[in-house]
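In what follows, a single structure is set out as structure tokens and then discussed.
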Amino acid sequence: MNHAEYPIGTPGKKWGEVEKTEWFSRQIIKRSYADEVLARLPQLKEHFELEQYGALSLDPKRYPLFLAKSKTWDSAKPVVLVTGGVHGYETSGVQGAIRFAASRAKDFTDSFNVLLAPCISPWAYETINRWNPLAIDPNRSFKAESGCEEALSLMACVEQITAMIHMHIDLHETTDTDDSEFRPALAARDGITQDKLSIPDGFYLVGDSQRP
């Protein structure tokens with residue numbers, strides 16, 4: 001599917017508020033953030049303190065934002081930040097972050113402060129979406145002027161950390177819906193064309209050799 005076939009908008013023309021509202025109205029709740037994420041956080045309390053660092057304005061009671069912070073926090077130790085669910089449809093990032101915190105993260109807390117935000121975009125998690133309710137990609141929005149509250153909330157939280165963040169591991173996942181839905185939606189939203197991709201299968205790490 002290219003942008004000309006996407007059911008919202010006019011080919012070659014960027015979306016305005018009308019198109020974004022129509023896109024939002026088409027989204028369906030498909031799973032439960034409360035059941036699949038929030039209900040699993042108490043199991044982390046043996047080794048982590050849970051802190052709420054924000055909530056989505058769409059529904060603050062339904063979408064509180066939590067992080068887990070190692071109980072042995074020492075400002076002299078470097079910090080390892082682990083994030084999941086920047087893209088809500090990337091399920092393994094969310095569940096992998098929680099599983100890591102519940103099983104292996106304690107093995108590193110003698111040397112590091114571990115800070116973990118398992119689901120940065122809970123509405124997108126429930127609707128299995130790349131974007132937030134405003135059709136913004138949080139992964140492209142970690143900047144002050146972005147208007148993306150998912151990204152801005154985490155940024156504000158991280159800015160309060162006085163210890164050095166030594167490493168940030170952001171958990172993502174590639175699925176065939178990138179080609180079937182999310183890239184066509186991006187092309188329609190931005191009035192551009194997108195070539196079809198070959199989606200890789202498997203696990204991979206991405207680093208920047210110029211900024212190790």
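Here are a few things to note about the model shown:
- Residue, least open to solvent (accessible area, probe 1.4 Å), within the stretch 45-61, restricted to residues that are closer than 16 Å to TRP123 by Cβ and aliphatic (A, V, I, L, M): LEU56
- For the stretch 59-70, a tally of residues being of a type in the set (Lys, Arg) and over 16 Å from THR162 (Cα atoms) returns 2.
- Scanning the stretch 147-177 for residues that are under 16 Å from the mean Cα position of the chain (by Cα), within 14 Å of HIS87 (Cβ to Cβ), not in a loop (DSSP other than H, G, I, E, B) and not small (Gly, Ala, Ser) returns GLU150, LEU154, ASP170, LEU171.
- SER180 vs. criteria over 15 Å from the mean Cα position of the chain (by Cα), of a type in the set (Ser, Thr, Tyr) and closer than 26 Å to GLU49 by Cβ: no
- Residues in the stretch 180-190 that are charged (D, E, K, R) and open to solvent by less than 20 Å² (accessible area, probe 1.4 Å): there are none.
- Scanning the stretch 80-119 for residues that are buried (at least 18 other Cβ atoms within 10 Å of the Cβ), β-branched (Val, Ile, Thr) and out of contact with any Pro (no Cβ under 6 Å at 6 or more places or on another chain) gives VAL80, VAL82, THR83, THR109, VAL114.
- Any hit, the stretch 77-91, residues being under 11 Å from the mean Cα position of the chain (by Cα), basic (Lys, Arg) and more than 20 Å from GLN43 (Cα to Cα): no
- Some residue of the stretch 141-153 being touching a helix residue (DSSP H, G or I) at 6+ places or on another chain (Cβ under 6 Å) and farther than 13 Å from ALA55 by Cα: yes
- Some residue of the stretch 15-30 being closer than 30 Å to ILE192 by Cα, of a type in the set (Gly, Ala, Ser), part of a loop (DSSP other than H, G, I, E, B) and in contact with a Gly (Cβ under 6 Å, 6 or more places away or on another chain): no
- Of all residues in the stretch 132-153, those that are open to solvent by less than 10 Å² (accessible area, probe 1.4 Å) and either hydrophobic (A, V, I, L, M, F, W, C) or more than 24 Å from GLU17 (Cβ to Cβ) (or both) total 3.
- Members of the stretch 102-129 found to be among the charged types (D, E, K, R) and under 15 Å from ILE28 (Cβ atoms), listed by number: GLU126
The values are calculated or read from the model by the stated rules, or taken from the named source; none is laboratory data. Treat the numbers as computed from the prediction; the structure is a model and nothing was measured. Note: ideal-geometry Cβ built from the backbone for every residue, glycine included; neighbour counts use all protein chains shown. Please note that ligands, DNA and RNA were not included when accessible areas were found on the heavy atoms of the full protein model with its side chains. Shrake-Rupley method; radii C 1.70, N 1.55, O 1.52, S 1.80 Å.
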